[in-house]
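Everything below concerns the one structure shown next.
The values are calculated or read from the model by the stated rules, or taken from the named source; none is laboratory data. Small disclaimer: the values here were computed from a predicted structure and weren't measured. Virtual Cβ from ideal backbone geometry, glycine too; neighbours counted across all protein chains shown. Please note that ligands, DNA and RNA were not included when accessible areas were found on the heavy atoms of the full protein model with its side chains. Shrake-Rupley method; radii C 1.70, N 1.55, O 1.52, S 1.80 Å.
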Amino acid sequence: MSTIARRGVHYLHKLNAANVPADLIEKGQNRVIDASLTLIRERAKLKGELVRALGGAKASSSLLGVPLGHNSSFLQGPAFAPPRIREAIWCGSTNSATEEGKELKDPRVLTDVGDAPVQEIRDCGVDDDRLMNVISESVKLVMEEDPLRPLVLGGDHSISYPVVRAVSEKLGGPVDILHLDAHPDIYHAFEGNKYSHASSFARIMEGGHARRLLQVGIRSITSEGREQGKRFGVEQFEMRTFLRDRNFLENLKLGEGVKGVYVSIDVDCLDPAFAPGVSHIEPGGLSFRDVMNILHNLQADVVAADVVEFNPQRDTVDGMTAMVAAKLVRELTAKISR
């Protein structure tokens, strides 16, 4: 647990020890949550109004940061990722156009509604059940401002559950998911934590939020991971067979008969030679161009996406992984916005 997180928990324990009434604590927590959601709501309204006034956009990517790291099983550094990714997106060392020619400085292509104040909420003693609800509500507030579509900056991979849940509930049905990762993240409850970053896709599948789940780049999987995959009908594509599967994966067509497609990219899907700044270093992964080929050729109505598990505390070579994460976000923007 981080120093800030411990401070928040200790503060709550002191209040309890001082016999502060539980309803008083809850009222205070509710005020913080309401204020947090109001901030996201008003930012989303402003950006939505701007995009609608400019006209011509059927879908527009909108960044939402979720700086959550405490559900990591190893390191909590991903909580610090969203500002580093934003900094890299607008770094002057590269231009603001995507490879497919979309201009990121155009609000019809990309806007930003800021971060959900995860640590401030946790510092008030709010538990993970309520925190996950706040994340879901934040995503829904973005989606209410048509044509904004959420592009979420993690954070650890536990955020994908409340985000996908919100997308599915808001659209009124399940989505297809393309999940790029070294790990399947489908344990029932890793180390007893149902919200672990290693259990997010178990929660998604149990909730019926996905019709089809394709997991690509897998190279660290246990027997439970394979059993859970079979239980939920997951299509798992391991790196040991990538050469055989490449043609299929680079010509995916998803989303027919469902409400859309969600793309979740764990930065550790990449070989650490391309992205060393991750908590769980797994050699033998995808090249960056492998990922680009999969994304660029994907035929789908991408309704939302996330980029997760970048850990700035392990980044090297002058922020190389930050630039990699930013490039993933930029290219996802091109896939969402139209």
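Considering only residues that are closer than 21 Å to ILE159 by Cα and in a strand (DSSP E or B), which ones fall in the stretch 194-235? Across the stretch 194-235, the qualifying residues are ALA210, ARG211, ARG212, LEU213, LEU214, GLN215, VAL216, GLY217, ILE218.
Taking residues in the stretch 79-100 that are under 15 Å from ALA322 (Cβ atoms), and partners anywhere that are open to solvent by 10 Å² or more (accessible area, probe 1.4 Å) and basic (Lys, Arg), the pairs with Cβ atoms closer than 7 Å and at least 6 places apart or on different chains are ILE89/ARG330. Within the stretch 54-109, the set of residues being open to solvent by 60 Å² or more (accessible area, probe 1.4 Å), touching a Ser or Thr at 6+ places or on another chain (Cβ under 7 Å) and within 22 Å of ALA275 (Cα to Cα) comprises PHE74 only. Note on the stretch 237-266: among residues that are touching a helix residue (DSSP H, G or I) at 6+ places or on another chain (Cβ under 7 Å) and open to solvent by 50 Å² or more (accessible area, probe 1.4 Å), the one that is farthest from HIS197 (Cα to Cα) is ASN251. Of ILE221, ILE336, ILE294, all but one fail to be at pLDDT 95 or above and open to solvent by 20 Å² or more (accessible area, probe 1.4 Å); the exception is ILE221.
Being open to solvent by 30 Å² or more (accessible area, probe 1.4 Å), farther than 20 Å from HIS280 by Cβ and at pLDDT below 95 is a property that ASP318 has. Evaluating ASP129 against the criteria (1) charged (D, E, K, R); (2) surrounded by fewer than 17 Cβ atoms within 10 Å (Cβ to Cβ); (3) under 22 Å from ASP181 (Cα atoms) leaves one unmet condition, (3).
Identification of strands (runs of 3 or more DSSP E) wholly contained in the stretch 51-157 with 2 or more residues that are within 13 Å of the chain's Cα centre (by Cα) and at pLDDT 95 or above yields 60-66, 148-154. Restricted to the stretch 186-208, and to residues there that are within 18 Å of the chain's Cα centre (by Cα) and of a type in the set (S, T, N, Q), the residue that is surrounded by the most Cβ atoms within 10 Å (Cβ to Cβ) is SER200.
Take the stretch 299-338 and flag every residue that is assigned to a loop (DSSP other than H, G, I, E, B), touching a strand residue (DSSP E or B) at 6+ places or on another chain (Cβ under 7 Å) and under 26 Å from ARG212 (Cβ atoms).
ALA300, ASP301, GLU309, SER337
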